[in-house]
Amino acid sequence: SPFIEIDDVHMVYQAESGPVEALRGINLSINRGEFVSLVGPSGCGKSTLLRCIAGLRPVTGGRIVVDGAPVVKPIPKVGMVFQTAIMLKWRTVLDNVLLPTELYGLKPADFRDRAHDLLKLVGLGDFAKKRPGELSGGMQQRASLCRALILDPPILLMDEPFGALDAMTRDEMNLELLRIWGEQRISEGAERKTVIFVTHSIPEACFLSDRVVVMSPRPGRVASIKPVQLPRP
Ligand code: ADP
Ligand code: ADP
């Protein structure tokens with residue numbers, strides 16, 4: 001059975017102005033180790049779907065099953081990178097990366113070496129003791145990728161992680177991402193992560209993923225596209 005199963009999912013926000021229907025009957029199955037890009041026009045519900053998979057928002061109909069268990073709250077198995085890096089500004093970069101350990105009642109000290117390794121991997125080895133405010137937007141975004149990976153989750157959700165960055169930083173981030181993704185694939189015994197990547201860039205989607213999923217505005221049908229595989233560096 002699929003690793004992530006999205007079964008007739010509905011989601012309605014209760015806004016001050018009244019209910020806002022964000023998802024209507026979404027069905028999608030994702031296999032273990034698949035890298036899926038999710039594209040679609042602004043407002044079609046991509047962010048909402050990711051938040052629901054991460055357990056940050058309850059679905060109002062249907063269900064989402066991750067590794068055999070229905071999603072009812074955030075779980076360590078799922079790491080998420082948001083559109084903008086949301087970091088606690090009074091904490092060091094290192095302590096921000098370690099945040100998920102506290103949320104799940106684990107000992108931060110047990111993950112300190114891994115945090116340093118991850119920061120090195122994204123070129124932030126010298127910034128562990130800095131505050132987020134001393135880092136550029138792109139650097140903060142790389143730090144949030146480390147935070148998403150700190151518990152070594154088998155599932156990584158990325159919501160337009162490069163959306164707010166300028167073109168040059170975007171290119172750098174892409175290379176970083178490829179490196180980290182590659183790292184997961186080649187490290188011995190390690191399983192490839194299952195990734196859902198929301199992006200506005202079709203070339204980025206085709207370049208990075210095994211499958212591009214196109215979400216249309218409500219009614220929330222999704223169409224699946226197998227991308228032309230572009231050569232990877
Ligand atoms: P996206 O780029 O994913 O479409 P938006 O810019 O639409 O994101 O939304 C930014 C923030 O505002 C998000 O936290 C989202 O939940 C919230 N938001 C979006 N639309 C509404 C709305 N109609 N009412 C209240 N909050 C909203
Ligand atoms: P996308 O990520 O594809 O741009 P979103 O998931 O952000 O789409 O939004 C889907 C719909 O839900 C939009 O109509 C948006 O305005 C609405 N929405 C998003 N966040 C909120 C929120 N916090 N409160 C109310 N409505 C929201």
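Screening Gly25 on (1) more than 16 Å from ligand 2 (Cβ to nearest atom); (2) more than 23 Å from Arg147 (Cβ to Cβ); (3) not aliphatic (A, V, I, L, M) shows it passes everything except condition (1). Name the single residue, out of those in segment 52-93 being in contact (Cβ under 8 Å) with a residue 60 or more places away in the chain and not aliphatic (A, V, I, L, M), that is farthest from ligand 1 (Cβ to nearest atom). Looking at the filtered set, the residue picked out is Gly68. Restricting attention to segment 94-115, the residues that are touching a residue at least 24 places away in the same chain (Cβ under 8 Å) and part of a loop (DSSP other than H, G, I, E, B) total 3. Arg91 passes every criterion in (1) part of a strand (DSSP E or B); (2) at pLDDT 95 or above; (3) surrounded by fewer than 19 Cβ atoms within 10 Å (Cβ to Cβ); (4) of a type outside the set (Asp, Glu) apart from (1).
Looking only at segment 116-130, how many residues end up being of a type in the set (D, E, K, R) and not in a helix (DSSP H, G or I)?
Narrowing segment 116-130 to residues of a type in the set (D, E, K, R): 117, 120, 126, 129-130.
Of the ones still in play, those that are also not in a helix (DSSP H, G or I) are 129-130.
Residues meeting the conditions: 2.
Beta carbons closer than 9 Å, at least 6 apart along the sequence or on distinct chains, never pair a first residue in segment 9-21 that is at positive phi with a second that is more than 8 Å from ligand 2 (Cβ to nearest atom) and of a type in the set (A, V, I, L, M).
Name the residue, out of Ala128, Ala205, Ala223, that is within 16 Å of ligand 2 (Cβ to nearest atom), among the small types (Gly, Ala, Ser) and buried (at least 16 other Cβ atoms within 10 Å of the Cβ). Ala205 is the lone residue from the list that is within 16 Å of ligand 2 (Cβ to nearest atom), among the small types (Gly, Ala, Ser) and buried (at least 16 other Cβ atoms within 10 Å of the Cβ).
In segment 181-233, the residue that is farthest from Gly43 (Cα to Cα) out of those that are among the charged types (D, E, K, R) and at pLDDT 80 or above is Arg192. No other residue among Leu156, Leu178, Leu135, Leu121 is within 11 Å of the chain's Cα centre (by Cα) and touching a residue at least 40 places away in the same chain (Cβ under 8 Å) apart from Leu156. Before we move on, is Gly133 assigned to a helix (DSSP H, G or I) and touching a Lys or Arg at 6+ places or on another chain (Cβ under 7 Å)? So Gly133 passes the test.
The values are calculated or read from the model by the stated rules, or taken from the named source; none is laboratory data. Only a predicted model underlies this, so the values are computations on that prediction, with no experimental measurement involved. With ideal geometry, Cβ positions are generated from the backbone for all residues, glycine too; neighbour counts draw on all protein chains shown.
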